[in-house]
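So the structure is just underneath, and the comments pick up after that.
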Amino acid sequence: MNERIIQFVWDYYGDPAAKTAEHHSIHLREFAQERKLKKQQSGYQKINENHFIAYLLLVESEAVELKDILKPHRAFIHKPA
């Protein structure tokens, strides 16, 4: 059985939000590579003019282990579009 994919999300607001989210996503990608995570997908996304997010997708077993280390603002089950 396939594990569920969990999306960790960090929210950024205001003028520096885009650059901050982009920068954070770089660190998330590096973290995923160093830890050799099973799913290594990270990035950033514009929600609106003043709200950007950085995100990391993980398999559920790794998400449980890493949530206290990474301290995401939010997390939810990822459902691909």
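The relative contact order of segment 10-66 comes to 39 percent, based on Cα pairs under 8 Å that sit 6 or more residues apart. Size descriptors for segment 11-81, from the alpha-carbon set: Rg then Dmax equal 12.3, 35 Å. With labels modelled as points extended 7 Å from the Cα through the Cβ direction, what inter-label distance (nm, one decimal) is found for F31 paired with I69? With each label placed 7 Å out from Cα toward Cβ, I get 0.9 nm. Extending 7 Å from the Cα toward the beta-carbon at both Q40 and H78 defines two label points whose distance is 1.4 nm.
Every number here is computed from the coordinates shown, using simple stated rules; none is lab data. Nothing here was measured: the structure is a model prediction, and the numbers come from that model. Neighbour counts are summed over all protein chains in view; Cβ atoms, including those assigned to glycine, are modelled from backbone coordinates with ideal geometry.
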